[in-house]
Amino acid sequence: MLEAISSTAITAGQAASRATETQAIAPTGASAVQSADDVGFDSVMKQVTTDAIGTLKAGEAASISAMQGKESTRKVVEALMSAEQALQTAVAVRDKVVQAYQEVVRMSI
C-alpha cells in the first residue's frame, strides 16, 4: 500500500510540475483552463482513501466467505493482512496531516 501511495504521490507531483510549467509558458488567459490529466492533492487523497476502503471491504468479504466455507484460509489471511496494512497506512497518513496542520497553526504571521 505504501508503494501505491508513493507512486500516486510521485505521479501527482509530476503532474503538478507539468501544470506549473504549462502555466508559466501559457498566456494569462489560458492559465485558468486546466487539462484533464492534472492531479491535485485532493484527488490523490480521494484515490488513496478509496483504495483503502476497497481493501478493507475485500478483507471483510473474504472473512465472511471463510465462515461460509467458500474461501481458503490462505486467501483470508492474505486479505486480512492487506486490510490491516491499509488501515495502518491510513492512520499514519492521518497522523501526518494532523501534525502538519498543527505546525501551520503554530507559525507566526
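Taking packing as the residue-averaged number of other Cβ atoms within 10 angstrom, the listed peptides 49-60, 65-76 run from highest to lowest as 49-60, 65-76.
For K75, a cut-off of 21 angstrom between C-alpha atoms picks up these lysines, skipping any fewer than 8 places away in its own chain: K57.
Read-outs: derived from the displayed coordinates by stated rules, not from any lab. Source: prediction; values computed, not measured. Heads up, the Cβs are rebuilt from the backbone with ideal geometry, glycines too, and the neighbour counts pull from every protein chain shown.
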